[in-house]
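Derivation of every value follows stated rules applied to the coordinates shown; laboratory data play no part. It should be emphasised that the depicted structure is a prediction, and the values quoted were computed from it without experimental measurement. Cβ placement follows ideal geometry from the backbone for every residue including glycine, while neighbour counts extend to all protein chains displayed.
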Amino acid sequence: MRNKLGQVALFVIIAIVLVFAILAFVFFRKGFSTDQIPEELQPVFDYYSQCLLKEARTGTDILGIQGGVINSGDYLPGSDYAPFSSHLNFLGSPVKYWYYVSGNGLIKEQVPTKSQMAKELGDYITEGLQDCDFRSFISKGYTMDIKEGDLKINIEDERVLVASIAELTVRKGDLVGRKSQHEIEVDSKLGKFYDLALDIYNKEKDEFFLEQYAVDTLYNYAPVDGVEIQCGPKIWSSRKVESDLKDALQNNLASLKLRGDYYKISDKKREYFVIDKETDESVNFMYLKDWPTKVEISGEGVDDEVMLAQSIGTQEGLGILGFCYIPYHFVYDLSFPVLIQIYNDNELFQFPVAVIVDKNLPRVADFSVNFEGEGDNFDLCKFKNQNLELKIYDYSFNKVNANVSFECFNQKCRLGESKDGKFMGSAPSCVNGYLVLSADGFSEKREIFSTNSQNFGEVFLEREYELEVEDDKNRVGQNTIITFTREDGKTSTAVLPENNKIKLSEGDYEVKAYVYGNSSFKIPASSKTQCFEVPKAGLLGFFGSKKEECVDVNIPETKIDFALVGGGSSSSYILESDLEKGTIRINVPRFTQPRSIDELQNNFASLESSKLNLEFGK
């Protein structure tokens, strides 16, 4: 019995010792907690929290300015094929595109998630905390010991919560304080702004509303399709059309709004610019005409300087029409960035997307694929596995330094630049691809090249000269249109007197000139009956039986303000020695001023037999 009592007493003593040990441990740990930090040591802990808050606030701002990214990654340049790099430079900040087309023509999507944003913010804070400067406390006798730990980030709608699990121990004399968890709160709408940005982006993916506005702008501010009653040509400056279109895009896209109360509509017509999505935040859409933009215009009569549409109805054999008209159709490919901004007085979240109009229509892309993967979006340019050596000359065997690219299928890879006329590098393997070389003062060269079987080549570039075109007979109120078409199809057009500069290389050219001057005669209104055969109704029509139907055609009165008064053509081989002279004078035959449709047609008949005389000189 005594033994049992002794054993019980022993266990009681051990239990009491354990209880006291636990209480002592808890007491001392509690003595180091926030509540027990000596008042004299509290400023050090406050400073650490302020440092944590400062880094969190700065990192949160960077996430907003850079589209949810702090580490913007490698910069991938664009190309002539697609003007976008992987980033949009906005006031010196590299903002990653959420959607763009890479320099070799591949669709790229790089939209961050909230968890990725939280991780980047945590990494930024961790790195920034290393710069917290405790020297002022050290000079006053404090010592600090920080054991790094984890950061927990929670991005909510209107705040960002940061918890630092890092043990900070502070000592001064006999005083000791320790704190292992530090929590701060950043007043920020980062989470809410990001969610709204993602909603806008998904709406753009589903509806391509930015492309739709771009197409509307194109048709309203640039010549696309049309027919005009006119006997002379219609001429536009290609550069002015491009400039006007950029101005219109800049102004119209800036007018876009989401449905909300952060603006007022002064005119019902302005509702056109309101996008059908509700928001209680301020949203801005921005495009600046100086940003990387591609405007390519194609169609008959288009070159780098002019867009030309010729009239129909005055040529020989077309007199039956009894009037003149100008049909035109131009095709545009547009690529430009739009920066979408969500903001208030204190903060901003912004992200750019590429807007692409392909042949006058909104580009529709399949967003269901993995954009960074392979398959349909296989990035050929990543696999430059063939050695390539090129020697580049002009036709006098002078060495030329040129930019070298390689095209295979629909992808274009920039390979680099030659030095001292020699390029050594690597290219992707491809059968019947194209070497593309460009250099200042030379025409662009495209040459078929199979990198899977060829690793060496000599390429000759043609010098390109700018010439001033003169027509000595040109008078006030006249326009002389001169086209130079080389045997390879390359065309340059001068429209005198405004656009009198062209660029030509040596070669065999067909040169045509048209001179239009002021006129004042009218083609009177008329009507005629036009008859044609149509299938008969019913079973007879099925077996090919036809009947005649006639309709009345009313032709309106046409005033001829601008009529053909001169022109001609010639074929000539133009030497480089001629081009070096810098000026080409063209003697263009003149005709009588037409006063009727018959005389106008006679002028067009004379055009076919008239010859041009070309002279080169300084």
Figure the gain on full extension for residue 50 and residue 488 (residue separation times 0.36 nm, minus the Cα-Cα span) and round it to one decimal in nm.
150.6 nm
Lys, Arg +1 and Asp, Glu -1 on Cβ, resulting dipole of the stretch 379-461 about Cα centre, debye, nearest 20:
180
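What ranking, highest mean first, results for peptides 346-354, 129-137, 585-593 when packing means the other Cβ atoms within 10 Å averaged over each residue?
346-354, 585-593, 129-137
What are the semi-axes of the equivalent ellipsoid of the stretch 166-256, taken as the square roots of 5 times the eigenvalues of the Cα gyration tensor, listed largest first and rounded to whole Å?
So the three semi-axes of the stretch 166-256 are 63, 16, 8 Å.
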Can you give me the long-range amide H partners of residue 462? Hydrogens built in the peptide plane at 1.01 Å from N, cutoff under 5 Å, separation of 5 or more residues or another chain.
443
Between residue 227 and residue 548, what length comes free when the chain is fully extended (0.36 nm per residue of separation minus the Cα-Cα distance, one decimal in nm)?
112.6 nm
Set 96/246; 96/412; 54/203; 294/391 screened for pairs whose C-alpha atoms are more than 24 Å apart:
54/203; 294/391
Subtract the Cα-Cα distance of residue 466 and residue 424 from 0.36 nm times their separation in residues, and report this length gain in nm to one decimal.
12.0 nm
Give or take rounding to whole Å, what are the principal axis extents of the alpha carbon atoms in the stretch 397-522, in descending order?
65, 32, 22
Centroid-to-centroid separation of the stretch 567-618 and the stretch 202-230 [C-alpha atoms, Å]
39
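Highest first, please rank the peptides 295-302, 39-46, 251-258 by the mean number of other Cβ atoms sitting within 10 Å of their residues.
Numbers: 295-302: 16.5, 39-46: 15.0, 251-258: 18.0.
So the peptides 295-302, 39-46, 251-258, ranked by packing, come out 251-258, 295-302, 39-46.
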Over the stretch 379-461, what relative contact order in percent results from Cα pairs under 8 Å that are six or more residues apart?
36
FRET efficiency estimate (nearest 0.05) - Cβ-Cβ, residue 510 to residue 93, R0 60 angstrom:
0.70
Roughly how far apart, in whole Å, are the Cα centres of the stretch 379-425 and the stretch 286-315?
30
Return the long-range amide H neighbours of residue 86 (sequence gap of 5 or more, or a different chain), with a cut-off of under 5 Å between placed amide H atoms.
76
